[in-house]
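**Student:** My structure is below; once you've seen it, I'll send some questions.
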Amino acid sequence: MKNIKILTTFTAVTLSALLMLGGCSSDQNSAGQSQNSNAKTATADYSLALDTEDMFTSRDFETGYDESEAKNVTLSDNDPDLTITEAGVYVLSGTVSDGTITVDVPDTDKVQIVLNGASITSKTSAALYVKSADKVFVTTAKGTENTLANGGSFTDTGDDNIDGAVFSKDDIVFSGEGTLNIISPAKHGVVGKDDVKFTSGTYNIDAASHGVDANDSIRIANASLTIKAGKDGLHSDNDEDTLKGYIYIQSGTLDIDVDDDGIHAITTLQIDGGTFKISAAEGLEATVVIINDGTLSITASDDGINAAKKSTISTPTVVINGGNIKIVMGQGDTDGVDSNGDIIINGGTIDVTGNSTFDYEGTGVINGGTVIVNGSEVDTLPNQFAGGGPGGQGGQRGPGGMRGDMNGASPDTVTSATPNANGERPEMPNFEDGTRQEMPNFDKDGERPELPEIGSDGERPTPPNFDSNSEERPTPPDFNGSKGGKQKGSGKSSASNNVA
């Protein structure tokens, strides 16, 4: 397998520099979500993209084969197992209800398997098992429908630990002009220990676990994939090499309906084009997510796009340079675009609907493109990570909460009004319309009355005692030297006369 380098040079403006631009770091919107006030002036250059020059070879895109050199094999239950031990082209047709096609050639040899109306099921193992080869090409003949399936269980055969309807220990490429159904009711659909590529053809994958599980990479161009899976749709995971475990999609059509992640890469997920319809707990997940183009429709119950610390390749980052992205989130603790690091939007259109639309621990900037949050275009990214009520759009309030623009006040900090000069308690302000009204004046001059002066003997006047035999409230003492009248009221103290 030829290694694909990943450009990991980080030449971004540092976080501290970004936060210092314009003299302030962030504004707090009225929903309590932090917004980068300098998003239009901040710049960031993240050189985290995959080097795509050698992603595919010219042969990867071939859909035909040389019939003159091909070996034709008709499969049947009379001879259900086929082992290929020499390089070449093998055209398979017929049906096997319990058998396996095994490829076991020197690791310098290439094999092309042409499925020409073939249906192969293994009850306890893989229908296609690539044990050794340099590369295997699986080609569907034009206009044909083919099936590779597991019967519902996998028997442990030793070190290989076969756990997919298609299981390959070396590079495998799917291409053609026909249809291939891959069915695995027990575990994965396709398992590749090296690279797995889809370059043309139509694929229907139904698996109990991952639809496609690759160790080094998954690469897609031109192909059409429909995936239903109990875990991830596409999954690439390599915990030994930080240059592997990535997913690259150049083009194609993907319809993914899964229980966990739609597309999951432990290092980098890069989308350069294609049409995507994804329904999942998390739509896209990787350490670095880069979207350069494509049309994506994501419905998610956890995160629509998630950059998480899956590897040491980089700070978790979402970079959107183009494309048309629509994300609809479920109710609850969900995020449209979530990054444990940064979110950088340089172009394209991203339309997010949900309680928490953006959530990032590092920097969130909009350098270009169009960002729509709950139906309204914004020019700064809201940030749920900063706290505050849901909503995501500046100026909106979260359900059941007060606005965040009450001049620093909240219901817990508003105190009772002090009685005015007439001894009456003013009416409390009305917050029913969501805005704070002016507090009442305390006297005719609009100033708060002075507290009584301390007497010449250094002590404040003694408050009057109430006469237990009197219904009348005694006249308050005159602190200013003039006679005072009776306190207004009915006489007896009541709760309505108490000042909290």
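**Student:** For the pair LYS123 and GLU69, how long in nm is the line joining their label points, each one 7 Å along Cα→Cβ?
**Tutor:** Taking the simple label geometry, LYS123 and GLU69 are separated by 3.9 nm.
**Student:** Apply 1/(1 + (r/R0)^6) to the Cβ-Cβ distance of ARG59 and THR95, taking R0 = 35 Å, and write down the FRET efficiency to the nearest 0.05.
**Tutor:** Values: r = 29 Å, r/R0 = 0.83.
Once rounded, the FRET efficiency stands at 0.75.
**Student:** Consider a paramagnetic label point 7 Å from the Cα of VAL328 along Cα→Cβ; state which residues of the stretch 262-279 have an amide N under 17 Å from it.
**Tutor:** 276-279
**Student:** Now, a different point. For the pairs LYS228/LYS326; LYS110/LYS197; LYS197/LYS228; LYS193/LYS326; LYS193/LYS309; LYS131/LYS309, flag any whose C-alpha to C-alpha distance is greater than 26 Å.
**Tutor:** Listed pairs above 26 Å: LYS193/LYS326; LYS131/LYS309.
**Student:** Got the relative contact order for the stretch 59-386 handy, in percent, Cα pairs under 8 Å and 6 or more residues apart?
**Tutor:** The normalised contact order for the stretch 59-386 reaches 8 percent.
**Student:** Compute and list, largest first, the equivalent-ellipsoid semi-axes of the stretch 59-386 from the alpha carbon gyration tensor, each √(5λ) rounded to a whole angstrom.
**Tutor:** Equivalent-ellipsoid dimensions as semi-axes: 39, 18, 17 Å.
**Student:** To continue, here is another question. Residues of the stretch 100-119 with backbone nitrogen within less than 13 Å of a virtual label 7 Å along the Cα-to-Cβ line of GLU177, please, listed as ranges.
**Tutor:** Backbone N within reach: none found.
**Student:** Which ordering of PHE56, PHE174, PHE137 is given by a fewest-first count of other beta-carbon atoms within 10 Å?
**Tutor:** Least crowded to most crowded, the residues run PHE56, PHE137, PHE174.
Every number in this text was worked out from the coordinates using simple rules, so none of it is lab data. Everything numeric in this text was worked out from a predicted model, so none of it was measured. Methodologically, a virtual Cβ is constructed for each residue, glycine included, from the backbone with ideal geometry; neighbour enumeration extends over all protein chains shown.
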